[in-house]
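Asks: I have a structure I would like to understand better, so I am pasting it below and will then ask my questions one at a time.
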Amino acid sequence: MTLAEKLAARPPPRLLVVQTAFLGDTVFTSALFGALARRFPDAAIDVCVAARGKDAALAFPGVGHVHVYDKRGADSGLGGLRRIAARLATRQYALAVLPHRSLRTALLARLAGIPERVGFAGTPASLLYTARVPSGEKAFLRREGDLANALGASPEPMRLVPRPEWLPAARAALGEAAGKAIAAICLGSEWATKIWPARHVADLARRLEAGGLQPVLLGGPRERDLARQVAAAAPCVDTTGNPVGEALAILSLSALAVGGDTGLVHAARALGIPTVAVFGPTPSGVHLFGARERAVSLGLPCSPCSVHGSARCPLGLHRCLDDLDAAQVALACREVLA
């Protein structure tokens, strides 16, 4: 009996999706969550995410409880792992779905006593799974689609819906810009090599403003210095440092989103916003872009050079983003808005 047949014969009353990687990974997993929600309409489906992914998970339509595993903070170390596992155990999940190919994630589900644990084959973490799903796919959504298929579900697209309570704060942060056509510019990244230089961002903001859009800067607290540099050279509304949920609400109110290969940019795609993503050291081919989405890169021989990004360019040049000017990105913006 296949795993899908087993679950069809005895659908799980409560299941858990564990994705404790970066914000963008949580956004991608909204597709897997949607597939499971459609396949098991009577099940309570919860998620467990890293602290930065909490608001993105709360934006999954139909999500139940969102557990936060603060693996780099309050839940760090083996003691923290055991604490969050104990909390998960109280929910008595019948099934854990594990798209994050991490040994720590697999151990968390095992310590929580979840009897059925399903993830990808071919990793050390798979030793702790009860079912292993092979996938040769490179694209994130196709790979998680293989996981959905193995569970008897049909793959779904990414989808986020902002919580109603986030919208008033978003409109307050926008001020007078709330009534305008907004171009959300997502700054920064977890990795230094994925950050488009401030001079290019400011140039793009001026071009977008000349085209009738109000540039709005989005990002975390670490992006405030970069935002100040941009805002000093271009007419922008700076909302950096706001909570992720508020940023998602601002994105949902936008006519356009543009930025690097970051979680907020991919969140804009999941919100259905026309989006332009700027790629330097990372591959664009791991994403599936829609008709109103564009990937922009120089296509240099040295890039992509990393899956996630890195602290510094291996060649010490960073030409992939330093040489990518605003004119090329502005052209892509016009295309997705056409």
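Asks: Please indicate, with yes or no, whether at least one residue in region 144-163 is open to solvent by 30 Å² or more (accessible area, probe 1.4 Å), within 24 Å of Glu246 (Cα to Cα), modelled with pLDDT of 95 or more and basic (Lys, Arg).
Replies: The answer is yes, given that some residue of region 144-163 is open to solvent by 30 Å² or more (accessible area, probe 1.4 Å), within 24 Å of Glu246 (Cα to Cα), modelled with pLDDT of 95 or more and basic (Lys, Arg).
Asks: So the check is Cβ under 8 Å with 6+ separation or different chains; which pairs have a first residue in region 294-316 that's of a type in the set (Phe, Trp, Tyr) and a second one that's open to solvent by 60 Å² or more (accessible area, probe 1.4 Å) and modelled with pLDDT of 85 or more?
Replies: Here the result reads none, with nothing in region 294-316 linked to a residue that is open to solvent by 60 Å² or more (accessible area, probe 1.4 Å) and modelled with pLDDT of 85 or more.
Asks: On to the next question. Can you name every residue in region 166-178 that is closer than 23 Å to Gly272 by Cβ and either charged (D, E, K, R) or not in a helix (DSSP H, G or I) (or both)?
Replies: Matches in region 166-178: Arg171 only.
Asks: Answer yes if at least one residue in region 103-116 is touching a Lys or Arg at 6+ places or on another chain (Cβ under 6 Å) and in contact (Cβ under 8 Å) with a residue 24 or more places away in the chain, and no otherwise.
Replies: Yes, region 103-116 contains at least one residue that is touching a Lys or Arg at 6+ places or on another chain (Cβ under 6 Å) and in contact (Cβ under 8 Å) with a residue 24 or more places away in the chain.
Asks: Among the helices (runs of 4 or more DSSP H) contained in region 179-271, which hold 1 or more residues that are within 17 Å of the chain's Cα centre (by Cα)?
Replies: 244-252, 263-270
Asks: Kindly indicate which of Leu108, Leu187 is within 30 Å of Thr240 (Cα to Cα) and open to solvent by less than 40 Å² (accessible area, probe 1.4 Å).
Replies: Leu187
Asks: Here is a check on your reading of the model: is Asp238 out of contact with any Asp or Glu (no Cβ under 8 Å at 6 or more places or on another chain), without any contact (Cβ under 8 Å) to a residue 40 or more places away in the chain and either of a type in the set (Asp, Glu) or within 25 Å of Glu165 (Cα to Cα) (or both)?
Replies: yes
Asks: Confirm whether Ala43 is crowded, with 20+ Cβ neighbours inside 10 Å and among the small types (Gly, Ala, Ser).
Replies: No, not satisfied.
Asks: Additional query: Taking only pairs six or more apart or across chains, which ones have beta-carbon atoms under 8 Å, a first residue in region 78-98 that is within 11 Å of Pro115 (Cβ to Cβ), and a second residue that is surrounded by 17 or more Cβ atoms within 10 Å (Cβ to Cβ) and of a type in the set (Val, Ile, Thr)?
Replies: Note: pairs meeting the criteria are Tyr93/Ile114; Ala94/Ile114; Leu95/Ile114; Leu95/Val118; Ala96/Val17; Ala96/Val18; Ala96/Ile114; Ala96/Val118.
Asks: Exactly one of (1) open to solvent by 60 Å² or more (accessible area, probe 1.4 Å); (2) within 26 Å of Leu253 (Cβ to Cβ); (3) in contact (Cβ under 8 Å) with a residue 60 or more places away in the chain; (4) not charged (D, E, K, R) is unmet by His287. Its number?
Replies: (1)
Asks: Can you run down the residue pairs with Cβ atoms below 8 Å, 6 or more apart or on separate chains, where the first is in region 5-23 and free of Cβ contacts under 8 Å to residues at least 12 places away in the same chain and farther than 17 Å from Ala35 by Cβ and the partner is outside any strand (DSSP E or B) and open to solvent by 60 Å² or more (accessible area, probe 1.4 Å)?
Replies: Cβ pairs passing all conditions: Ala9/Met1.
Asks: Now, a different point. Among (1) under 26 Å from Phe33 (Cα atoms); (2) open to solvent by 10 Å² or more (accessible area, probe 1.4 Å); (3) in a loop (DSSP other than H, G, I, E, B); (4) touching a residue at least 12 places away in the same chain (Cβ under 8 Å), which single condition is Thr282 missing?
Replies: Result: Thr282 fails condition (2) only.
Asks: Taking into account only those residues within region 1-52 that are in contact with a helix residue (DSSP H, G or I) (Cβ under 7 Å, 6 or more places away or on another chain) and of a type in the set (S, T, N, Q), which is farthest from Gly309 (Cα to Cα)?
Replies: Restricting to residues being in contact with a helix residue (DSSP H, G or I) (Cβ under 7 Å, 6 or more places away or on another chain) and of a type in the set (S, T, N, Q), the top hit is Ser30.
Asks: Right, next: Could you list, in sequence order, the residues of region 71-91 that are buried (at least 17 other Cβ atoms within 10 Å of the Cβ) and at pLDDT below 95?
Replies: Lys71, Asp75
Asks: Go through region 1-112 and tell me which helices (runs of 4 or more DSSP H), entirely inside it, have 3 or more residues that are under 30 Å from Arg222 (Cα atoms).
Replies: Here the list reads 23-39, 54-58, 77-89, 103-111.
The values are calculated or read from the model by the stated rules, or taken from the named source; none is laboratory data. The shown structure was predicted, so the numbers you read here are calculated from the model rather than taken from an experiment. Neighbour counts run over all protein chains shown; Cβ positions are idealised from the backbone, glycine included. Side chains included, ligands, DNA and RNA excluded: accessible areas come from the protein's heavy atoms. Shrake-Rupley method; radii C 1.70, N 1.55, O 1.52, S 1.80 Å.
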